[in-house]
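The values are calculated or read from the model by the stated rules, or taken from the named source; none is laboratory data. As the structure is a prediction and not an experimental result, all values here were calculated from the model. Counting neighbours? That spans all protein chains shown, and the Cβs are built from the backbone with ideal geometry, glycine included.
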Amino acid sequence: MGVILMGSNSSTSDSITGLDNAQELCNMQIGNWNLIKSIEKLQPTNQTCSWMDAIYAAVEYIKHECVDKCERKIILLSSFNEEENVVDMFQAEDIIEILNSEAVSLIAIGERALHEIDEDSQTPSEALLMNVLQQINGQYLTFEHAMSDVRFYKRPSTKPLPWRCLMELGELCIPIAGISKMPSEVKLPEMVLMGKTSMSNTPDKEVPIKNVVQWMDNNRTIHTEEDIIRGYVYGGKAIPVSDEAKKAMTPKNNEKSYKIHGFTKRENVAMEYWLSDGSYVIVPANEAASAPFYSLVQAMVDKNVIAIVEKVYRANTEANMVALFPSVDVENEPWCLIEIGLPFERDYGAIAQKPLKGMTNQLSQEQDNAIDDLLRSLELPDAADDDTISSSEKYLPGYMPDPGTQHMWDVLTVRALNPDKPLPPIADDLLNLLEQPEFIKAKCKPVTERIKNLFFLEKKKPFRKRKIEDDNKQSDVNDDAPMTFKEEQRATGNNDIDDISDLCSFDFDDIALLVVVQCGDIMRKSIVFDKNTPDVFYCPQHKPIGFEKMLVKARPLSRLCQFEGRPIPEDYKSDCYNDVDETEYACKEKYRIMMRLHPPGSNTPYNGTRLSKFLAFDKDLPYARKKNQV
């Protein structure tokens with residue numbers, strides 16, 4: 001692209017065109033940020049120039065800059081308010097001839113909507129322009145319309161590449177071509193993280209930040225990629241699958257095919273069975289295949305059936321099942337078959353809908369009618385006034401741009417042009433894309449008021465929040481149990497040895513209760529199960545410890561230090577990297593493993609003497625205060 005400024009202060013010697021008040025802002029080039037910055041710095045001048053001179057200047061510029069055969073287009077921006085004596089100096093035939101000689105198309109952008117103005121109300125300059133555009137099939141836009149057309153970043157138009165195959169119906173083979181209705185999504189440019197260095201030789205220099213991938217196990221041992229075998233978790237067991245195994249799993253004898261297995265009524269394949277992200281348009285591959293293909297389409301329409309097809313997209317790939325829906329008598333579209341993917345039995349569970357019959361039976365007739373009216377009020381009209389049609393067109397497939405992608409492009413543009421300014425909020429144009437049309441709001445308002453009066457909503461607490469409150473209440477109840485036991489122990493216990501023996505004779509459920517009660521201040525520790533030694537647990541980055549010591553380790557650090565006979569480190573920081581509060585989990589896990597290792601009635605009961613020492617408070621065990629002093 002190139003830019004020519006008419007009405008500038010430059011002289012004839014500075015211009016390729018040789019015209020006064022004409023300046024080439026740049027040579028022919030691909031659009032870039034520097035060119036945009038140069039355009040933003042332009043200032044108005046007192047010089048005047050006609051759009052007719054601009055046409056001649058642009059053609060001369062194209063002759064000088066464009067040497068190869070290519071699409072040539074002039075976009076003319078002007079107010080088109082030249083005086084009549086200036087317009088009389090030019091003839092429409094001469095302008096048309098010079099444009100046709102170089103195969104140049106013309107797009108004019110002005111202030112007034114000339115298509116809506118009578119010729120008698122047009123100025124001489126506007127009348128000459130419309131005459132030229134009419135004879136060369138040019139285009140005229142207003143500034144407002146032109147800006148709305150270029151407001152959103154659009155995908156460049158490309159010729160779709162069809163997928164060709166033979167459609168097999170018994171012994172009949174019809175050459176077909178499949179074209180994707182929705183092209184693949186255009187990816188945003190990859191972001192490069194930059195950071196400033198603090199080195200003396202390159203102060204404040206921005207360098208790219210690279211992500212280094214590392215593979216670590218539970219012990220935080222780093223492994224290389226060569227040591228890694230990817231796999232799947234099936235039934236709680238990790239099953240490694242090497243590259244050689246993956247190659248052996250791929251089909252070896254599948255050929256590219258498109259076989260019709262049968263036909264079924266259209267109502268048998270509801271919308272909930274449509275699985276694929278997009279759809280294909282199936283048309284005959286050549287003229288010879290048109291007759292049998294369209295005969296098949298007509299027969300499917302007459303019988304109101306669809307075809308079930310097995311599709312192998314490429315040789316040695318898995319087969320997929322698709323449905324072919326006939327599409328006829330659609331405006332601006334040819335007769336064709338629409339291909340939509342179908343799920344296998346294993347895939348349907350993820351998309352299956354819950355039955356609503358039981359819920360609908362609870363509705364009264366008035367409530368049922370109100371819901372029907374709401375759905376009808378939300379329907380977009382097929383034919384209405386112009387404003388309604390233009391508002392509903394944006395919901396057609398492929399019409400609405402992605403607001404998230406558009407906002408990202410806007411942010412990148414602002415950052416490229418103004419790197420030091422803050423990023424802007426989401427533009428109103430993008431927010432309007434998600435707004436409901438006004439005529440829909442007007443239709444829905446009375447219906448929504450009826451629904452508010454017919455349905456009464458009861459505010460319920462979330463299930464998780466309710467569960468936490470119930471657990472807290474249960475914890476408050478349990479907190480009273482050990483205190484009562486301890487009061488009785490202090491009142492009746494004269495012999496320390498008898499106290500310990502009584503504690504050892506508790507039922508296991510009482511011991512588990514003590515574990516649950518005393519876990520209120522358990523640290524956020526990760527309990528890891530060692531598959532090689534079922535009775536050993538450890539906190540990450542710690543050596544394996546026995547189950548008894550694990551109970552102490554799950555207690556606050558002060559209890560652990562008392563057990564090991566060492567002081568609390570001054571610079572202590574938890575070495576467990578799991579940030580999830582696992583207090584409740586830890587208590588349940590201890591109870592479960594204790595039941596597994598020493599179930600009630602087993603021949604080897606757990607040594608409750610040592611266990612009680614670690615669970616009881618120091619003040620409750622006089623000998624512990626003397627022995628465990630730090």
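Quick notes on this structure:
- First in region 96-123 and in the same structural domain as Y56 (by the TED database) and crowded, with 18+ Cβ neighbours inside 10 Å, second anywhere and of a type in the set (D, E, K, R) and in a loop (DSSP other than H, G, I, E, B), Cβ under 9 Å, 6 or more apart: T123/E82
- Any hit, region 332-351, residues being more than 26 Å from E438 (Cβ to Cβ), among the small types (G, A, S), part of a helix (DSSP H, G or I) and modelled with pLDDT under 75: yes
- Of the residues making up region 302-325, those that are under 18 Å from I176 (Cα atoms), modelled with pLDDT of 95 or more and either part of a loop (DSSP other than H, G, I, E, B) or more than 32 Å from the chain's Cα centre (by Cα) (or both) number 2.
- Number of the exception - R230 against (1) modelled with pLDDT under 90; (2) under 28 Å from G170 (Cβ atoms); (3) in contact with a Pro (Cβ under 8 Å, 6 or more places away or on another chain): (2)
- Enumeration of residues in region 237-251 that are surrounded by 10 or more Cβ atoms within 10 Å (Cβ to Cβ), of a type outside the set (S, T, Y) and within 16 Å of E225 (Cα to Cα): P240, V241
Results for (1) within 27 Å of D410 (Cα to Cα); (2) of a type in the set (D, E, K, R), shown as yes or no for each residue.
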residue	(1), (2)
P124	no, no
N131	no, no
G138	no, no
T142	yes, no
D149	yes, yes
K154	yes, yes
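- Scanning region 192-227 for residues that are at pLDDT 85 or above, on the phi > 0 side of the Ramachandran plot and loosely packed, with under 10 Cβ neighbours inside 10 Å yields nothing.
- Subset of region 131-151 [in contact with an Asp or Glu (Cβ under 8 Å, 6 or more places away or on another chain) and part of a loop (DSSP other than H, G, I, E, B)]: R151
- For D387, the test of being more than 16 Å from F456 (Cα to Cα), part of a loop (DSSP other than H, G, I, E, B) and either modelled with pLDDT under 75 or among the basic types (K, R) (or both) is failed.
- Index of the failed condition, S38 passing every other in (1) among the small types (G, A, S); (2) at pLDDT 80 or above; (3) assigned to a loop (DSSP other than H, G, I, E, B): (3)
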